[in-house]
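Since the structure comes first, as structure tokens, the remarks are kept for the end.
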Amino acid sequence: MAPENKIDKKKMVVVEGSYAVAHATKVCRPNVISAYPITPQTHIVEDLSQFMADGEIPNCEYINVESEFSALSALVGASAAGARCYSATTSQGLELMHEVLFNISGMRLPVVMTIANRAVSAPISIWNDHQDAISQRDTGWLQLYAENTQEISDMTAQAFKISEDKDILMPSMVCMDGFILSHVYEPIVLLEQDLTDEFLPAFEPDYILDPKNPMSFGAFADPNYYTEFRYLQEQAMQKSLKKIEDVANEFYDVYGRYYGGLIDEYRTDDADIIIMAMGSIIGTIKDVIDKLRDRNVKVGLLKVRSFRPFPAAAIKNALKDAKVVVVLDKNISLGLNEGALFTETKSSLYNTKLDVPIVGYMIGHGGRDIKVDLIEKIIDEAQDVMKTGIKIESQFTDLKEELL
Amino acid sequence: MKILPGGVCKAGTTRVNKTGGWRTFKPVYDYEKCIKCKLCELLCPDSSVNPKDDGFFEFDYDFCKGCGICANECPKDAITMVLEEK
């Protein structure tokens, strides 16, 4: 059972999601921040810039760069020199970082970056979906998705602790839905400085760039050696599965707040229908579930917090008694007509004894509102799947036929 | 030898990884023409031109990749690029 959340209402303040993230980053005592403004991430780096100007982040360098490519490239050197490094971006900015993402991960630099998830161009859209981060799936970054502003704030400290662990040393993307979380004002408990100093140890890597003791990082590897480097990266990802759970529990012990480890479950105990999703849509789904449970519809939620590493075992365990699984994806792999969470959930259950029908819905592209009645309609269709089997395996949701 | 995560390694490891085999043409000195001006030593991008006791220079064929900068820049045409043969 998930521990009960103990949020101290006296400590709560109403702040914007971006401020919560910037504040959490400040509290984690970063040494180098390098970022380039892009909607809807801009408020995060503006707030951090203000903290710097006010002298509130000691022992930290804030680097103004000319692009996202440079933002992340600057952190390659800084992190290798032993600095705790932070950046934030979204959408086209994240796609421009693509090459550097591989370098950071390959050099095993535990950079933490907030992604204010946004659709990708063209057509240009500044609104939320998950296509930007999902498209960076194979770059060797951990990807954690938050449900609300309290979680994204707290997840920032968790990400530093997971990434900087000597058994892991892999970078993290902490993902929050653009606008829906980044620009919303909610009452939350800001990350506490005293507790964070207790929770998050200083970053002390074994090897650093230092002129007094010269080392090469990310050195050339010919075909005799390259495979083993990839193997070590995958091994670190596998170890991070347990680390993410451990850190979520340690966080609970120190702060009293918990949102799940790799996954979280909501009313799944006797659920026939289990909905899977990531990000802010979780809150809406929980409301729908409460409503439908009152009508005796046995529906539950499987919230996926970690998309990379992919928690295949935890998901399989959570789905073992379900009669139908519905996966909601704010992304699409064009040419497969499926979202990534759907594809990967299906694939992780193949070659197992679990034979449960799974249907996928691609939803909320480019920030289209996902309303309660739309989720109810999806659950209605899932009940049909239980009776008659799968008719459509994966489909677009809320498609406006009149525009086509 | 064990690899370290992230491809971290101590400096100077390229000494072990001999790259002379990449060469197609190799530079050869004509010491009759050489005036010991050191331009070849200065311009070699691979530090493969080493001084000898007599003030002249010799090539380190373990690492010279045959780029030909030395031959191109030599003011006395004292370096010839010769096709490598097996």
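Every number in this text was worked out from the coordinates using simple rules, so none of it is lab data. As the structure is a computational prediction, the values presented were derived from the model and not from experiment. Because the Cβ atoms are built from the backbone with ideal geometry, glycine has one as well, and the counts that use them run over all protein chains shown.
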| task | With springs connecting C-alpha atoms under 10 Å apart, model chain A as a Gaussian network and identify which of A:D177, A:D47, A:D270 has the largest mean-square fluctuation. | result | A:D270
| request: Would you mind checking the stretch A:193-212 for residues with the amide N under 16 Å from a putative spin-label position 7 Å along Cα→C-beta of A:V13? | output: A:193-196
| query | Can you tell me the Rg and Dmax of the stretch A:149-263, counting just the alpha carbons, in angstroms? | reply | 17.4, 55
| request: Can you tell me the dipole magnitude for the stretch A:23-70 around its Cα centre, using point charges on the Cβ only (Lys, Arg +1; Asp, Glu -1), in Debye to the nearest 20? | output: 180 debye
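Arranged by the count of other C-beta atoms within 10 angstrom, fewest first, what order do A:M52, A:M113, A:M237 take?
Numbers: A:M52 15, A:M113 26, A:M237 18.
Ranking A:M52, A:M113, A:M237 by Cβ neighbours within 10 Å, fewest first, gives A:M52, A:M237, A:M113.
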| message | Given N residues in the stretch A:1-87, what is its alpha carbon radius of gyration divided by 2.2 N^0.38 Å? | response | 1.25
| query | Farthest toward the dipole's positive end in the protein assembly as shown, which of A:L48, A:L109, A:Y226, given Cβ charges of +1 (Lys, Arg) and -1 (Asp, Glu) about the Cα centre? | reply | A:Y226
| field | Most mobile of A:L48, A:L144, A:L292 in a GNM of chain A (Cα contacts under 10 Å) | value | A:L292
| query | Rg/Rh for the stretch B:1-59: what does it come to with C-alpha atoms and Rh from Kirkwood? | reply | 1.12
| task | Please identify the cysteines of chain B that lack any partner cysteine with a Cβ under 4.7 Å from their own Cβ. | result | B:C9, B:C34, B:C37, B:C44, B:C64, B:C67, B:C74
| field | Residues A:T343, A:T388, sorted so that the one with the fewest Cβ neighbours within 10 Å comes first | value | A:T388, A:T343
| Once amide H atoms are built 1.01 Å from N in the peptide plane, which residues 5 or more positions from A:A35, or in another chain, come under 5 Å H to H? | A:I63, A:V65
| message | Can you tell me how the stretch A:18-166 classifies by the Cα gyration tensor, rounded, prolate or oblate, using a/c under 1.5 as the rounded cut? | response | rounded
| request: Would you mind checking which residues have amide H under 5 Å from A:S216's amide H? H placed 1.01 Å from N; only 5 or more apart, or other chain. | output: B:C9, B:K10, B:A11
| HN-Hα J couplings of the stretch A:97-113 from phi, Karplus 6.51/-1.76/1.60, θ = phi - 60°, integer Hz, Gly and Pro as x? | 7, 2, 4, 6, 4, 5, 5, 4, 5, x, 8, 6, 9, x, 6, 10, 9
| query | Could you list, bin by bin from short to long, the percent of Cα-Cα pairs of the stretch A:282-404 in 5 Å steps? | reply | 2, 10, 20, 24, 23, 14, 5, 2, 0
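Run the dipole for the stretch A:55-168 about the Cα centre, Lys and Arg Cβ at +1, Asp and Glu Cβ at -1, nothing else charged, and hand back the magnitude in debye, nearest 20. Walk me through the numbers on the way to the answer.
Numbers: 6 positive and 15 negative charges, 40 e Å.
The dipole of the stretch A:55-168 has a size of about 200 debye.
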| Dipole magnitude of the protein assembly as shown, debye to nearest 20 (Cβ charges: Lys/Arg +1, Asp/Glu -1, about Cα centre) | 800 debye
| note | In a Gaussian network model of chain A with springs linking alpha carbons closer than 10 Å, the residue among A:K391, A:K286, A:K166 that fluctuates most is A:K391
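Among B:C40, A:C85, rank each residue by its count of other Cβ atoms within 10 Å, from fewest to most, as a rough exposure measure.
On the way: B:C40 21, A:C85 30.
In order of increasing Cβ crowding within 10 Å: B:C40, A:C85.
How big, in percent, is the set of alpha carbon pairs in the stretch A:265-326 lying more than 20 Å apart? All intermediate terms of the calculation are to be shown ahead of the outcome.
On the way: 402 of 1891 pairs.
Result for the distance tail: 21 percent.
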| Given q = 0.19, 0.22 Å⁻¹, what are the Debye log10 I(q)/I(0) values for the stretch A:309-370, with equal point scatterers placed on the Cα positions and solvent ignored? | -0.73, -0.91
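What fraction, in whole percent, of alpha-carbon pairs in chain A exceed 39 Å separation? List each step's numbers first, then the result.
Details: 13008 of 81406 pairs.
When all Cα pairs of chain A are counted, 16 percent exceed 39 Å.
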